[in-house]
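Bear in mind that the values in this text are calculations on the coordinates, not laboratory data. The model shown is predicted, which means the values in this text are computed figures rather than measured ones. Ideal geometry is used to build each Cβ from the backbone, glycine not excepted, and the neighbour counts take in all protein chains shown.
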Amino acid sequence: MLRYALRRAVWLVPTLLIVTFLVYVALRLGTDPVASYRRTNIRVSKKKLDQYIATNGLYTGAFGYIRGYFAWLWGFITLDWPRSIKGSRDVWPHLKDALANSLRLGLIATVTGIIIGNLLGIAAALRPGRLRDTVVNSGALVGLAVPPFVSALLLQLLFAVYWQKWFGYALFPVSGVYPAGHQGFNLFLMLKHMALPVVVVSIQSIAVYSRYMRASLLDVLNSEYMRTARSKGISERRVLVHHALRNALIPVTTLAFLDVGSVVGGLIITEGLFEYPGMGRFFLVAYGNGDFPELMPWMVIIIGSVVVFNLLADIAYARLDPRIRLA
Amino acid sequence: MEPVLSIRDLRVSFKTPAGIVQAVRGVNLDVAPGEVVGVVGESGSGKSVSFLSIMGLLPPSATVTGSATVVGTQMVGVSAQQVRSQRGKKIAMIFQDPLSALNPVHRIGAQIVEMIQAHQDMSKADAHARAVELLDIVGLPQPDVRANQYPHEFSGGMRQRVMIAMAIANDPDVLIADEPTTALDVTVQAQILEVIENVRQRLNTAVVFITHDLGVVARVADRVEVMYAGNTVERGLVNDMFATPHHPYTQGLLASLPSHNKERLKPILGSPPNMISPPSGCAFRPRCAHATDACASAPSDLVQVGSTQTACIRAVELAGGAK
Amino acid sequence: MPDVDPSLTDASVGLSSESLSPGRLAYRRFLTHRAAVLSVFVLALLILWVVLSPVTARYGVNEQVFDISKGPNQNLPPSRIAWFGTDIIGRDVYSRVLYGVRVSLIIGVFSAVFSLAIGAAVGAIAGLKGGKFDDIIMRVTDIFLAFPFLVALLVIRNMFGSISWITFFTGEVSSVRFMVFLFAIFGWMGVARVLRAQVLSLKEREFIEAARALGASDTRIILRHLLPNSIGPMLVSLSLGVVGAIVSEATLSLFGYGPDPGSGATSLGLLVAGSKSAVRAGYWWLALYPFAALLLITLCVSFIGDGLRDAFDPKHGGGR
């Protein structure tokens with residue numbers, strides 16, 4: 001088991017390096033950091049420009065990209081990060097806040113989705129073909145088919161705009177983490193502001209997990225070993241939990257790990273529409289400004305999260321399904 | 001002696017979109033302690049369904065009527081709780097495909113322990129020791145090592161041994177073996193049959209051997225029940241059955257066995273009947289070379305003809321004449 | 001002793017009913033999905049409505065409802081003149097939705113078809129050949145699909161958009177052609193994975209072995225044996241691709257990165273995006289109709305996709 005994990009972990013660093021390199025190339029081509037810098041700082045001195053190019057690793061030419069990548073990488077690892085193009089500010093403090101906000105939003109929604117989605121999926125699979133199965137299945141299908149921005153806009157309309165019109169106040173606010181100008185930490189306000197975004201993200205999450213669990217459990221329930229388990233004379237409860245669920249949870253658990261890994265980056269649409277200051281919003285703003293120094297660290301966090309959780313998903317899968325380990 | 005398994009007028013039907021399928025249409029059987037009964041028939045004859053119904057392992061779309069008692073405890077028409085209490089304790093079952101019949105994510109030892117702890121009051125450690133013992137009884141080498149392994153680490157024959165070990169864990173009075181060797185190689189088949197025989201002798205367990213393979217029946221069974229279209233059509237001691245079968249279906253089965261002194265294989269013509277609307281009277285009628293009009297209203301009771309009991313109303317007549 | 005009497009053999013098995021190809025069987029199974037069948041009708045009507053746009057549209061896409069000198073024509077609620085109301089410049093929302101649906105459908109269908117063509121080819125080859133090629137493809141698609149969708153989309157968009165020889169063929173970043181290209185570049189990876197999985201499961205079947213024994217080349221095996229047996233997953237991928245492309249287009253438009261078909265033409269995404277602020281002011285019709293059209297298309301295609309999946313692979317039994 002440990003050997004398996006180590007074998008997979010060895011690939012971690014090379015994968016990260018290759019992917020960040022590709023992203024580096026793509027961003028350089030797409031956002032043209034030198035031009036952006038020039039545009040924001042019109043009368044920049046050559047010395048400053050050179051310094052900027054050096055810290056960001058923006059050398060030109062074929063090998064320039066490779067040299068440049070390692071220059072950037074060195075700066076990144078030694079925590080000598082260049083400042084942003086727009087506003088020339090330190091990247092990490094804002095990135096950190098954005099990360100915290102996204103984690104809050106994403107994890108609450110994902111956990112909600114996992115719990116409710118799985119319960120619904122189990123309920124549906126236990127009575128296939130009956131009413132509750134049809135309801136869960138169709139509901140999930142609709143939930144998946146409705147694009148998140150639609151539900152986001154609808155909820156915004158309903159709760160913020162129209163509620164305001166009908167009842168004279170906004171039940172759930174539609175933007176930000178706190179009302180404008182608020183300082184300090186206030187749990188109630190924070191939750192109020194997160195309510196709508198969480199619902200929007202949860203809808204998709206619940207839909208996905210309910211379908212997944214339903215399919216997985218149905219597969220398991222139709223397996224031969226269920227009959228063997230029953231023939232032992234153990235309680236039906238034990239049959240369902242110890243035999244059926246134990247097997248059905250394998251693919252679902254893998255999915256959950258992958259889901260968590262991509263949670264920080266997957267909220268862009270929702271955060272954009274609700275003006276929620278998370279990682280998604282951070283990206284949209286930085287991207288709109290073509291802000292290379294802000295985009296690269298952002299990418300590293302996202303990529304790192306995805307790669308690490310992919311690895312964890314693989315290990316979890318091997319832990320849960322003994323057939324994989326010897327393959 | 002009291003039979004360990006006593007079935008009376010067992011009927012099983014299934015609700016399907018195409019209609020109601022009458023899978024079992026009145027089966028009677030008594031199994032004495034320690035005897036081996038071979039139940040023979042084609043697919044669709046109702047041989048597996050009969051015993052699955054006694055164990056309560058059929059899907060909810062099945063309707064079961066009649067009576068089946070296991071060491072005196074009724075299994076039909078009683079609460080699920082009652083059926084479950086006997087399952088795995090007094091009556092156990094082993095199935096055809098041991099790979100898919102074992103849960104792939106639990107160790108073998110744990111699966112046997114589960115069987116033990118469901119019906120006996122034993123600590124985990126004791127149950128585990130007993131499990132290793134059982135694996136030894138069925139002839140698994142290095143049972144202590146094997147107990148900690150997973151099903152996919154075993155070969156087909158070994159897995160079937162595990163299934164047998166699991167089934168006998170609580171010393172059942174009846175063991176139902178549903179085509180246990182069908183999925184195995186011929187050489188392994190012989191080994192498994194030996195294991196079952198050993199187990200039977202050691203624990204004096206009655207065995208109901210369900211199969212379509214007459215060769216297997218010849219080897220292991222004391223008695224034979226031949227089933228066709230949901231009924232028993234003939235029964236008798238194994239030697240008598242093979243020597244002088246009296247039902248045309250049994251005769252057909254024996255005649256279709258390949259043997260070195262036959263020139264062409266002689267299959268039984270036709271195919272099994274549609275069980276939604278089976279033929280009236282004797283269900284074998286459409287395929288029987290000796291069928292007469294009277295067969296359309298023939299009862300399904302078994303009558304002693306010579307050394308076997310058969311449902312064929314013309315058996316005496318045909319036996320007396322040229323054969 | 002006569003030979004076997006044909007009337008008593010098993011030969012009659014299967015002859016009593018009409019011969020049903022797997023395709024026809026799937027067709028029949030599909031017909032039992034009420035939601036999917038209904039969706040087919042609705043979608044067909046929608047497409048008909050769009051195709052007949054010279055007849056069904058009431059105004060041009062950029063045409064004012066009437067001359068402004070006769071009275072204000074901006075932001076009028078639905079009325080006889082403009083069934084869905086007018087927008088901020090006085091254009092008929094109904095006609096604009098019609099043209100928008102057309103553009104969105106074009107983007108959706110074309111990118112899905114291209115994704116399918118590329119993805120099926122790559123996936124089938126990777127699955128059949130295995131080896132290094134397969135490994136590389138799997139890694140690459142793994143990495144790509146692991147990225148947050150919108151991020152990857154935007155980054156790729158800009159990256160390709162600034163490479164001149166690409167834009168030479170596909171048009172500028174804001175053109176419809178580029179959009180189709182972008183989604184196709186994205187979409188093929190998901191399709192490739194699905195097809196690869198399908199090929200892997202078919203590869204071991206005996207009819208492939210038999211074909212090889214007869215000397216069939218890889219190409220022939222793919223074209224004649226593997227792909228025809230993968231119609232199910234391919235159709236499902238196609239429907240998912242259409243939905244994905246339309247939703248992606250709307251998402252991009254929402255953030256200002258959508259297409260700009262020029263001369264006032266529009267897409268559903270653009271209509272939805274443009275209505276955001278107007279709704280706050282109470283002009284609900286500007287949002288409702290484009291939204292409804294968008295939802296209608298995505299729901300219909302989703303249900304059809306679901307129906308197709310169950311029709312070709314009925315193993316996932318139970319309810320619908």
Nearest 500 deg cm²/dmol is fine: what mean residue ellipticity at 222 nm does chain A get from its DSSP H runs of n ≥ 4 alone, each adding -39,500 (n - 2.57), divided by its residue count? -23500 deg cm²/dmol
I'd like to know how chain C sits against the 2.2 N^0.38 Å rule of thumb: what's its Cα Rg over that expected value? 1.25
On C-alpha positions alone, give me the angle between the axis of helix C:34-51 and the longest principal axis of chain C, in degrees, nearest 10. 50 degrees
Over chain C, the sum of -39500 (n - 2.57) across DSSP H runs of at least four, divided by residue number and rounded to 500 deg cm²/dmol, gives at 222 nm -21500 deg cm²/dmol
Determine the dipole magnitude for the protein assembly as shown: charges of +1 sit on the beta-carbon of Lys and Arg, -1 on that of Asp and Glu, nothing else is charged, the reference point is the Cα centre, and the result goes in debye to the nearest 20. 2700 debye
Using a Förster distance of 35 angstrom, determine the FRET efficiency expected from the C-beta separation of B:Ala294 and B:Leu254, and round it to 0.05. 0.90
So what's the angle, to the nearest 10 degrees on a 0 to 90 scale, between helix A:246-261 and the longest Cα principal axis of chain A? 10 degrees
Could you name the aspartates and glutamates in cross-link range of A:Lys96, using Cα to Cα under 20 Å and dropping any fewer than eight places away on the same chain? A:Asp80, A:Glu271, A:Glu275, A:Asp291, A:Glu294
Distance from the range C:81-122 to the range C:187-238 (C-alpha centre basis), Å: 33 Å
Sparse-neighbourhood loop hits (trypsin sites (Lys or Arg not before Pro), the range A:213-256; DSSP loop; Cβ within 10 Å at most 11 others) -> none
Charge dipole (the range B:35-176, unit charges on Cβ, about Cα centre) - positive-most of B:Asn103, B:Val71, B:Ala92: B:Asn103
Loop sites in the range C:172-251: trypsin sites (Lys or Arg not before Pro), DSSP, at most 14 other Cβ within 10 Å: C:Arg205
HN-Hα J in Hz across the range A:153-159 - Karplus 6.51, -1.76, 1.60, θ = phi - 60°, x for Gly and Pro: 5, 4, 5, 4, 4, 5, 7
How big is the charge dipole of the range A:207-327 about its Cα centre, in debye rounded to the nearest 20, if each Lys and Arg gets +1 on its Cβ and each Asp and Glu gets -1 on its Cβ? 1000 debye
Where chymotrypsin sites (Phe, Trp or Tyr not before Pro) fall in DSSP loop in the range C:284-314, at most 11 other Cβ within 10 Å: none
State, to one decimal in nm, how far the label point of C:Phe41 lies from the label point of B:Lys15, with both points 7 Å from Cα in the Cβ direction. 3.0 nm
If each Cα of the protein assembly as shown is one equal point scatterer, what is log10 of I(q)/I(0) from the Debye formula at q = 0.07, 0.10 Å⁻¹? -0.77, -1.24
Residue order, fewest to most beta carbons within 10 Å, for B:Met275, B:Met227, B:Met166: B:Met275, B:Met227, B:Met166
Between the residues A:Ala152, A:Phe283, A:Ser138, the Cα farthest towards the positive end of the dipole of chain A, that dipole coming from +1 and -1 charges on the beta-carbon of Lys, Arg, Asp and Glu, is from A:Ser138
Identify, among C:Ile246, C:Val279, C:Ser162, the residue whose Cα sits farthest towards the positive end of the charge dipole of the range C:160-284, taking +1 on the Cβ of Lys and Arg and -1 on the Cβ of Asp and Glu, with the dipole about the Cα centre. C:Ile246
Links exceeding 19 Å between C-alpha atoms in this model, out of A:Lys192/C:Lys276; A:Lys48/A:Lys86; C:Lys129/C:Lys203; B:Lys15/B:Lys90; A:Lys232/B:Lys47, come to A:Lys192/C:Lys276; B:Lys15/B:Lys90; A:Lys232/B:Lys47
Calculate the length of the line joining the C-alpha centroid of the range B:37-83 to that of the range A:83-124, in whole Å. 55 Å
Take each complete run of DSSP H in chain B, measure how far its Cα atoms stretch along the helix's own axis, and keep only those covering 24 Å or more with mean Kyte-Doolittle hydropathy at least -1.0; list them. B:186-203
Estimated dipole of the range C:130-241 in Debye, rounded to 20 [Cβ of Lys and Arg +1, of Asp and Glu -1, Cα centre]: 100 debye
So how do A:Phe257, A:Phe185 line up by other beta-carbon neighbours within 10 Å, fewest first? A:Phe185, A:Phe257
To one decimal place, what Kirkwood hydrodynamic radius in Å is obtained for the range B:159-243 from all pairs of distinct Cα atoms? 13.6 Å
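Once the Cβ-Cβ distance between A:Val135 and B:Phe242 is put in as r, and R0 is 60 Å, what FRET efficiency do you end up with, to the nearest 0.05? Working shown, then result.
Details: r = 58 Å, r/R0 = 0.97.
Efficiency, rounded to the nearest 0.05: 0.55.
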Order by neighbour count: A:Lys86, A:Lys48, C:Lys132, fewest other Cβ atoms within 10 Å first, most last. C:Lys132, A:Lys48, A:Lys86
Degrees separating the helix C:93-129 axis from the principal Cα axis of chain C, which is the longest one: 30 degrees
